[in-house]
């Protein structure tokens, strides 16, 4: 009985697979957004320098995001609650 030997993927194959990651991530975020909205939840979205709370029926501005300068992709930002928003 012969067993097939496992072969490692080539550098080119790895590069091709890695190049697909951004498209897969975009689809995953889009599907998660649509699923959350369909279930009646609201989602926080950053658009045109504003943080918006988006639901099935409304888009509510939460606050201005301001300028952060140049950020590298994947940088995590910590958003603090504003006093007037947190107490309501």
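No lab work stands behind these numbers, since they all come straight from the coordinates. Since this is a predicted model, take the numbers as computed values, not measurements. So basically every Cβ, Gly included, is an ideal-geometry build from the backbone, and we count neighbours across all protein chains shown.
Summary of computed values
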item: Value in Å of the Kirkwood radius, where the chain supplies the Cα pairs that are averaged; result: 17.2
item: Linear extension gain, residue 7 paired with residue 62, 0.36 nm per residue minus alpha-carbon span; result: 14.6 nm
item: Least to most buried among 53, 18 (fewest other Cβ within 10 Å first); result: 18, 53
item: Rel. contact order, % - alpha carbon contacts under 8 angstrom, at least six apart, the chain; result: 13
item: Euclidean distance between Cα centres, the range 66-81 to the range 2-34, Å; result: 28
item: Most fluctuating residue given options 64, 55, 73, as computed from a GNM of the chain linking Cα atoms under 10 Å; result: 73
item: Least to most buried among 37, 26 (fewest other Cβ within 10 Å first); result: 26, 37
item: Contact order normalised by residue count of the range 17-67, Cα under 8 Å, 6+ apart, percent; result: 22
item: Degrees, to the nearest 10: 21-38 long Cα axis against longest axis of the chain; result: 40
item: Top of 51, 77, 65 by mean-square fluctuation, Gaussian network on the chain, Cα under 10 Å; result: 77
item: Computed P(r) (all Cα pairs; the range 17-67; 10 Å bins; percent); result: 25, 38, 30, 8
item: Most fluctuating residue given options 47, 59, 76, as computed from a GNM of the chain linking Cα atoms under 10 Å; result: 76
